[in-house]
Amino acid sequence: MSDRARETWGYVAGLLLAVLLTGAAFAAVRWPETFGARTFAFVCALGLIQAVLQFRFFLHVRLRGSARDDLLLLLFSSLIILLMVAGTLVLMANLRNRMM
């Protein structure tokens, strides 16, 4: 198998797994009685798996022999996600206070 074919297969496998995980998250929200009170935790877990999948298949970040650039990429991505989530929570709390 050539390098180009192996790389293409990696992208196709990543895409199929991403679509499968996204469909599973939508199904869990559409039919919450399947997971009950654990639906939120299940969707969060699928989101974390999705992030790892994106790093592995599309950004080519591997844990073995990780270089400094890979570590900086992971830290910066984590910072951006943390800022987005924290900002969203602050906005939602502010809107809730204004509505009450």
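Worth a mention:
- Meets criteria (of a type outside the set (Asp, Glu), exposed (fewer than 10 other Cβ atoms within 10 Å of the Cβ) and either in a loop (DSSP other than H, G, I, E, B) or more than 14 Å from the chain's Cα centre (by Cα) (or both)) for Ala86: no
- Across the range 23-57, the qualifying residues are those that are over 11 Å from the mean Cα position of the chain (by Cα) and closer than 18 Å to Leu73 by Cα, and the one among them that is least open to solvent (accessible area, probe 1.4 Å) is Phe57.
- Test: residue in the range 3-26 that is modelled with pLDDT under 95, part of a loop (DSSP other than H, G, I, E, B) and either out of contact with any Cys (no Cβ under 8 Å at 6 or more places or on another chain) or within 13 Å of Phe58 (Cβ to Cβ) (or both): no
- Checking Ala45, Ala67, Ala86, Ala41 one by one, the residue that is modelled with pLDDT under 85 and out of contact with any helix residue (DSSP H, G or I) (no Cβ under 8 Å at 6 or more places or on another chain) is Ala67 and no other.
- Each residue in the range 58-74 was checked for being open to solvent by 100 Å² or more (accessible area, probe 1.4 Å) and of a type outside the set (Asp, Glu), and 3 of them qualify.
The values are calculated or read from the model by the stated rules, or taken from the named source; none is laboratory data. Only a predicted model underlies this, so the values are computations on that prediction, with no experimental measurement involved. No Cβ is skipped: glycine too gets one built from the backbone with ideal geometry, and neighbour counts run over all protein chains shown. Note: areas computed on protein heavy atoms with side chains; ligands, DNA, RNA excluded. Shrake-Rupley method; radii C 1.70, N 1.55, O 1.52, S 1.80 Å.
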